[in-house]
Amino acid sequence: MNNLISIEEVDRDGIEAILDRAESFAEVGRRDIKKVPTLRGRTVVTLFYESSTRTSSSFELAAKRLSADLVSVKSAGSSVDKGESLKDTVATLTAYDPAAIVIRHPYAGAAQMVAGWTGAAVVNAGDGKHEHPSQALLDVYTLRRRLGALDGKKIWIVGDVLHSRVARSNLIAFQLMGAEVTLCGPPTLIPRGIEELGCNVTHSLDGIEEADVVYVLRMQFERMEGKFVPSLREYAANYQVDTRLLGPRQLLMHPGPVNRGVEISGEAIDSPQSLVTEQVAAGLVVRMAILYELLAGKPERPTALGEGPAAEAAAPTIGQPA
Amino acid sequence: MNSAQNLTEMLDVREGAPADLVLRRATLLDPVAGIDGVHDLVIRGGRIAELAAPGEADASGAEELDAAGLHAFPAFFDPHVHLRTPGQEHKEDVETGTRAAAAGGFCGIIAMANTSPPIDTGADIAALREQARAQASVPVGFAATVTVGMKGEELTEMVELREAGAIAFSDDGLPIQSARIMRRALQYQKLVGLNIALHEQDMDLSAGGVMHEGPVSAALGLGGWPSVAESTMIARDCALAAYEKARIHVQHLSAAESVEVVRAAKAAGVQISAEASPHHLCLTDEEVRSLDPRRFKMNPPLRHESDRQALIAALRDGTIECIATDHAPHHLDEKEVPFEQAAFGVTGLETAFAALHTELVLPGVIDLGLLIERLAGGAAPFDLPRPTLAPGAEANVALCDLAAEWTVGEDGYESRSSNSWCEGKTLTGRVLVTVAAGQVAFRLRSFSLGVAS
């Protein structure tokens, strides 16, 4: 694995390997000195063009716990504010010879493009409404610890699927791990044709008692142009997941940040069935495992643009049919 | 209105020496004129002088080309090209755009008016025509906008524009969103005469769309531009054209629903013509999975395979009478950005014939004669003479090697831009020589004259 751009590029064995690695890092987190020297002397750059709490902080902490040097660039307050293009920004950062660039960007395909411009390993920390593969991995990790194998488990993903990169990556990952996925939301927030990815689609919470896991999505007001539901009140009345809806056996997940009282009730988030804080904890160890898989044991690669075969080898790997 | 005999009566080109050329033993194909067979094609003084028996023509005083095994077609006409001047000459201009046209076998083009600023005054048209007379390798006609500044609010001075030499009206790049303004343009057409070419897109329905809405957009998380945002606008304008007894030309049809609307309107007697682009005839939205905006982001977007099949069927039955490239050059800086941010559009002049020959003719989807007919079909809707090999006509000839294989982009482009949807593809069939309005407009560098390739 040279890059992690889409969950589609990882097979089931690859996912298991990352999760096994993450388990071993969970042990590191229980030590007094929570650090391993694996990436000593290597540089990790995080480049965030969108706001983030969980993803950016967990990638940063993951790099530090692996003893890497860390450069964090946020679009606000950087040359991006001055109109620098993504390509030029990446060329600039590549000049520091980083081992990995972790990028979040508001548009689909950004991470893949960056992979074509740098020899550094590229990790997609979210590209528009497209993919968020590290989120999918940490969610599978969280569920694996609770449920063991996901084969045959029923997972409902509920809410604003249209604007959700988490929904796309998780749908693919859950199915890859053997789960049966149902997408549930108002017709205006379910993208036309998504059932061709092999999932069920429903517009009602009726039948949710069959779910082993209820994965609630955030209403993404910031990505919405125009009103997709008549009102939040009507949305909550029809799609809010609350404690009355959930049986004692069902697990509840949410990628955060939560809009309490909109897609999910406060009681449900705080209930014992909620895995939300476990998801956050998983984020750290899974992101350590991702950086480890991409970088550990691999020779330093020349990272400047156009430096021979390394640059070519780092060409986009995802979503391009051979 | 088909009174013009020569393209140059209405279009402008850099004046050069009229060709005196004998294409020895060329395989001629002009389905409209009923010409099909091996002849010596004789061009004298820029006109088709004679189709002589193979090896029989007198070539004295003329350049002689051994065209045995090569095909000569009526050169192609593209009613939909973006030359980007004024304002965006870093993408294209009259000289580079018409060179690209000549290299693709085109003997005439119509340049769109969505420049910066848009072409909406007689002075704009006059200035461009002057440029064309100085720089154009093939005859160019210039469209003027329908509305002032392409704002969709008030009509341009259409009579003055026609008198200055505008060849058509179009707000291409944008639809005419207001039905009221659209209707006024169609009413005013009675006074002006010229055809109105329409970019059909309901901007409200397609808002946020960067690709065809369907399973691929769902999988990629990209905003969908649904087929019905095109077909509903076409239906509106067909109804308005019928009501006003006006005529319209629908640009770059992309969706099966649109084909149905045009077919029904034609059956009902509406004066409507339609074009389709090579990329919509050859590609589908599956290509967008690569997230490569340089080759696969255009407006309207690539659609589903069933849409592509509907376009091909419409090409066959004449619902779509012409192929138009919608040649839309962009600088790489506007394409080397994430898909959603990238500019819409791909170039197409240099590859139209070769791509369609490779993707549709060689696999047997359409026959060569139909392709040739449709590639020259873009002149008639704008009252321009159809290029022909018939003796006596102005010489507009594309000499092609149907067996030549070439890799697009390998030798660069005549266009100033490289956002070709064919970049890197190996195509079969190549234009060797283009004669446009009686002048040799293009010769492939590696094709040495007098020697069979």
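Values in this text are rule-based calculations from the coordinates and carry no lab data. Keep in mind the model is a prediction, meaning the values are calculated, not measured. All Cβ positions, glycine included, derive from the backbone under ideal geometry; neighbour counts span all protein chains shown.
Of note:
- Applying the Karplus relation 6.51 cos²θ - 1.76 cosθ + 1.60 with θ = phi - 60° to the range A:132-149 yields 3J(HN,Hα) values of 8, x, 5, 5, 4, 5, 5, 6, 5, 4, 4, 6, 5, 5, 7, 10, x, 5 Hz, where x marks Gly and Pro.
- Cα gyration tensor shape for the range B:339-406, rounded if a/c is under 1.5, else prolate or oblate: oblate
- Charge dipole of the range B:75-382 (Cα centre as origin; +1 on each Lys and Arg Cβ, -1 on each Asp and Glu Cβ, all else neutral): 620 debye, rounded to the nearest 20.
- Between the range B:335-401 and the range A:118-195, the Cα center-to-center distance that results, in Å: 44
- The range B:75-382: C-alpha gyration tensor shape, a/c 1.5 cut-off, then a/b vs b/c: rounded
- For peptide B:340-346, the mean count of partner chain Cβ atoms within 10 Å of a residue's Cβ comes to 3.
- Its alpha carbons considered, the range B:42-91 gives a radius of gyration followed by a Dmax of 17.8, 51 Å.
- Cα gyration tensor category, rounded, prolate or oblate, for the protein assembly as shown with a/c compared to 1.5: prolate
- Comparing Cα centroids, the range B:120-166 and the range B:28-101 end up 27 angstrom apart.
- When you work out D = kT/(6 pi eta Rh) for the range A:133-279 at 10 °C and 1.306 mPa s, using the Kirkwood radius from C-alpha pairs as Rh and the Stokes-Einstein form, the result is 105 µm²/s.
- Nearby aspartates and glutamates by direct alpha-carbon distance to A:Lys87 (threshold 14 angstrom, same-chain neighbours under 8 apart not counted): B:Asp333, B:Glu334, B:Glu336
- Above 19 Å, the calculated P(r) of the range A:198-295 contains 51 percent of its Cα-Cα pairs.
- Report note on the peptides B:314-323, B:11-20, A:12-21: ranked by the mean count of other C-beta atoms within 10 Å, highest first, their order is B:314-323, B:11-20, A:12-21.
- Signed unit charges on C-beta, dipole axis of the range A:133-279, positive-most listed residue A:Gln175, A:Ala136, A:Leu252: A:Ala136
- Angle of helix B:256-267 to the longest C-alpha principal axis of chain B, folded into 0 to 90 degrees and rounded to 10: 80°.
- Residue pairs, from the table A:Lys227/B:Lys91; A:Lys129/B:Lys425; B:Lys297/B:Lys425; A:Lys82/A:Lys298; A:Lys74/B:Lys335; A:Lys129/A:Lys154, whose Cα atoms sit over 28 Å apart: A:Lys227/B:Lys91; A:Lys129/B:Lys425; A:Lys82/A:Lys298
- 5 angstrom amide H check on A:Ala121, placed H, neighbours 5+ away: A:Ala100, A:Ile101
- Counting Cβ atoms of other protein chains within 10 Å of each Cβ in A:104-114 and taking the mean gives 6.
- Degrees, to the nearest 10: A:165-176 long Cα axis against longest axis of chain A: 90
- Here the range A:13-122 has an Rg and Dmax of 15.0, 44 Å, counting Cα atoms alone.
- Each Cα pair under 8 Å and six or more residues apart adds its sequence gap; the mean of these over the residue count of chain B is a relative contact order of 21 percent.
- The range B:399-428: GluC sites (Glu not before Pro) falling in loop per DSSP and having at most 15 other Cβ within 10 Å: B:Glu410
- Listed residue (A:Leu39, B:Ile176, B:Ala111) projecting farthest to the positive dipole end of the protein assembly as shown, Cβ model: A:Leu39
- For the range A:94-195: relative contact order, % (alpha-carbon pairs under 8 angstrom, 6 or more apart): 23
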